[in-house]
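Notes follow once the structure below has been shown.
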Amino acid sequence: MGKVMAMAGTLAEKVWRDHVVRRGEGGAPDLLYIDLHLVHEVTSPQAFEGLRLAGRQVRRPDLTIATEDHNTPTLDIDLPIADPTSRTQIQTLRNNAEEFGIRLHSLGDADQGIVHAVGPQLGLTQPGMTVVCGDSHTSTHGAFGALAFGIGTSEVEHVLATQTLPLAPFKTMAITVNGELPPGTTSKDIILAIIAKIGTGGGQGYVLEYRGEAIEKLSMEARMTICNMSIEAGARAGMIAPDQTTFDYLKGRPHAPEGADWDAAVEYWKTLRTDEDATFDAEVVLEASDLEPFVTWGTNPGQGLPLSGAVPHPEQIAEENERAAAERAIEYMDLTPGQPLRDIKVDTVFIGSCTNGRIEDLRAVAKVVKGRKKADDVRVLVVPASARVRLQAEAEGLDRIFTDFGAEWRNAGCSMCLGMNPDQLQPGERAASTSNRNFEGRQGKGGRTHLVSPLVAAATAVRGTLSAVADLEWDTEVDLTSFDGSPLAPLDPNALMHV
Amino acid sequence: MEKFTTHTGTGVPLRRSNIDTDQIIPAVYLKRVTRTGFEDALFAAWRSDPNFVLNNEAYKSGSVLVAGPDFGTGSSREHAVWALKDYGFKAVLSARFADIFRGNSGKQGLVAAELAQEDIELIWKALEAEPGLAVTVDLVNRTVTCGDIVATFQIDDYTRWRLMEGLDDIGLTLEHEADIESFEASRASWRPTTLPAKHLPTVPIEAARPVT
């Protein structure tokens, strides 16, 4: 490790090579070492039970960390959890963590939160690592140049017992995003546009590497949003080469290396770039300057369009399966072909999740809603991804901006992204959501989801219909530079009107 | 894990693409801490529709699911595989599977057989023309037989071998414990550990409450 690789390789291949415990023989997969295993309450109980039945221990509790996130309520966190099955599942995690000696951040702890927010904020997610979790959005950690992917419960048990995973080889896909993002667009719009372009199966079998000028300019948090949704493009993992932005983010975090270790780490991290002469199995190119705020109209994340568009006419879709899927989605979503997306009225706006529940997302929303009132009849839920994010937001006064706006300010967790806790849509309710999946019933049985960026969510909460920030009245020139953490031109409402 | 060589059972035509794991098993059913007993949760939202295929008597006892492309997308929940198995499915046929779902299937002895979409269409037609028709999934020869239709399918060699032998992955890996130990000895010392725990500054947490 740390030495220059003789063979040309992509970022993903380099991280893979540095983790091979044993090469597979005769068609068997390579056995890879896992540097960090993140655990939560939903996909772990059966894995711990498996260990117990086989009389096995956790091999490396010191490479394992657990938090409570999927089931946790976002209200009354100081009271016993009302739902008995949620309570049991969380209690089961607490018992397992105790029995197997695993660090757990429970509800009420300052480091509790969505597992994909907790790893990075503690500095546990670092470049060149292998990171796994029984959660498909583990791809988030790829933003640091880690090879990070979701696993099933059998694999959770496997990692607990052996700290390794047998993994079939993958192909590599370069996704290059050139140019600069236009004002009012964010990294969420980049990833929604990518998914619409390559489809929900386009990344299957690949590790994606996001690169290009637009990606390099993004903050770490914005990069996490992109890598987070690699799975919605069908890819188990998405990665971005570590650079100065990555190092600056990590420096000084509790688990980041210090002193001479820091220097050794940075020296190694700097080698984690795709070599000039390395080749990808597939390449996709996007121009950031072509992007607009993007929204989904259907029931899979690939069914998305620029906000200026209209609900498609299924009869114009040539491919039979896609046409049938569009027909079904339009019926489920209760939309009309040809209907402008901007005319769609929502009942709920959800701001949060491992996709867009970090501090920069909340700052961006606050900037839009400050001094405004939410639309009547729209319920606005703001759920920070972690307790730390919540504390930070409160220290900056963002919570007051949200509550003055008419939004509900909640405690940290996955919340309405998947509706395992009481935060759910009612049947027939429609949401603009900064989360990652618009599947039928994802946010509550019969609920309808439009995936949007935090900026679109905020503007939608103001107007009550799917909207961009450019659709709002702005009294003064507002500086949009820190929206999404990426450098954007100052907002000129006139210039934005065409967006 | 039970050994799988060949299975014959009622085929169920599920003419939908992009069947995500939230449809296979909605999140509300994931709160259980057991590994079995998920049969009621399979396609829970769709089963309330009387026209759903599994509500048709002829298909009710199906054990071979024939689905559209991109089956098992979305969440990594292995509960999706458990629910299919608990219901009685032994194999799923599709033109394309999501990577994590395919991996989970292999660990649990559910055969995820990748067929050409044209063959899926032919099998759909046969199953709809004659509801209750049996489908044979032959893992040894990698073929699917349904009436007069004989199609080949793809599954990776290693998964096929493990399914046919009924092997437990953890046991296989632990045979190489010496390799794991020597790898661990070579890891850079600055790699992070979760223990001893280091924290950001400690702050007391009070529950956020709705503003009245």
Just one listed residue, out of A:Ala431, A:Ala459, A:Ala412, is open to solvent by less than 10 Å² (accessible area, probe 1.4 Å), closer than 29 Å to A:Thr72 by Cα and either modelled with pLDDT under 95 or part of a helix (DSSP H, G or I) (or both), and it is A:Ala459
Within the stretch B:178-203, the residues that are open to solvent by 70 Å² or more (accessible area, probe 1.4 Å) and within 8 Å of chain A (Cβ to nearest Cβ) are B:Ser186, B:Ser189, B:Lys198, B:His199, B:Thr202
In the stretch A:238-251, anything free of Cβ contacts under 8 Å to residues at least 24 places away in the same chain and either open to solvent by less than 80 Å² (accessible area, probe 1.4 Å) or not in a helix (DSSP H, G or I) (or both) is listed as A:Phe247, A:Lys251
Condition test on B:Asp168, is it facing chain A (nearest Cβ under 8 Å), closer than 22 Å to A:Pro166 by Cα and not aliphatic (A, V, I, L, M)?
no
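I'd like the full set of residues that are out of contact with any strand residue (DSSP E or B) (no Cβ under 7 Å at 6 or more places or on another chain) and without any contact (Cβ under 8 Å) to a residue 12 or more places away in the chain, limited to the stretch B:120-143.
Answer for the stretch B:120-143, where residues must be out of contact with any strand residue (DSSP E or B) (no Cβ under 7 Å at 6 or more places or on another chain) and without any contact (Cβ under 8 Å) to a residue 12 or more places away in the chain: B:Glu121, B:Lys125, B:Ala129, B:Asn141.
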Counting only helices (runs of 4 or more DSSP H) wholly inside the stretch B:77-170, the ones holding at least 2 residues that are under 18 Å from the mean Cα position of the chain (by Cα) and under 14 Å from B:Gly62 (Cα atoms) are B:79-87
Within the stretch A:327-368, residues being open to solvent by 30 Å² or more (accessible area, probe 1.4 Å) and part of a strand (DSSP E or B) number 2
Checked against (1) assigned to a helix (DSSP H, G or I); (2) surrounded by fewer than 24 Cβ atoms within 10 Å (Cβ to Cβ); (3) within 14 Å of another protein chain (Cβ to nearest Cβ), B:Pro69 satisfies every condition except (1)
Taking the stretch A:10-40 and the residues there that are under 24 Å from A:Thr140 (Cα atoms) and open to solvent by 30 Å² or more (accessible area, probe 1.4 Å), the one that is nearest to the other protein chains (Cβ to nearest Cβ) would be A:Arg17
query: Looking at the stretch A:364-376, is at least one residue in contact with a strand residue (DSSP E or B) (Cβ under 8 Å, 6 or more places away or on another chain), among the basic types (Lys, Arg), within 14 Å of chain B (Cβ to nearest Cβ) and within 26 Å of A:Asp69 (Cβ to Cβ)?
result: no
Screening A:Arg211, A:Arg236 for residues that are in contact with an Asp or Glu (Cβ under 6 Å, 6 or more places away or on another chain), over 28 Å from A:Ala470 (Cβ atoms) and charged (D, E, K, R) leaves only A:Arg236
Considering the stretch A:179-202, residues that are in a helix (DSSP H, G or I) and aliphatic (A, V, I, L, M), and then whichever is farthest from the chain's Cα centre (by Cα), we arrive at A:Ile198
### Message
Looking at the structure I just gave you, is A:Thr296 crowded, with 18+ Cβ neighbours inside 10 Å, within 22 Å of A:Gly145 (Cα to Cα) and more than 10 Å from every other protein chain (Cβ to nearest Cβ)?
### Response
no
Pairing a residue in the stretch A:259-280 that is facing chain B (nearest Cβ under 9 Å) with any residue that is at pLDDT below 95 and open to solvent by 60 Å² or more (accessible area, probe 1.4 Å), where Cβ atoms lie under 7 Å and the two sit 6 or more apart in sequence or on different chains, gives A:Tyr268/A:Met1
Note on A:Pro73: of the conditions (1) in contact with an Asp or Glu (Cβ under 6 Å, 6 or more places away or on another chain); (2) more than 7 Å from chain B (Cβ to nearest Cβ), unmet is (1)
| query | Is there a residue in the stretch B:146-164 that is open to solvent by 30 Å² or more (accessible area, probe 1.4 Å), among the charged types (D, E, K, R) and away from chain A (no Cβ under 14 Å)? | reply | yes
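The values are calculated or read from the model by the stated rules, or taken from the named source; none is laboratory data. The shown structure was predicted, so the numbers you read here are calculated from the model rather than taken from an experiment. Counting neighbours? That spans all protein chains shown, and the Cβs are built from the backbone with ideal geometry, glycine included. Just so you know, the surface numbers come from the protein's heavy atoms only, side chains and all, with ligands and any DNA or RNA stripped out. Shrake-Rupley method; radii C 1.70, N 1.55, O 1.52, S 1.80 Å.
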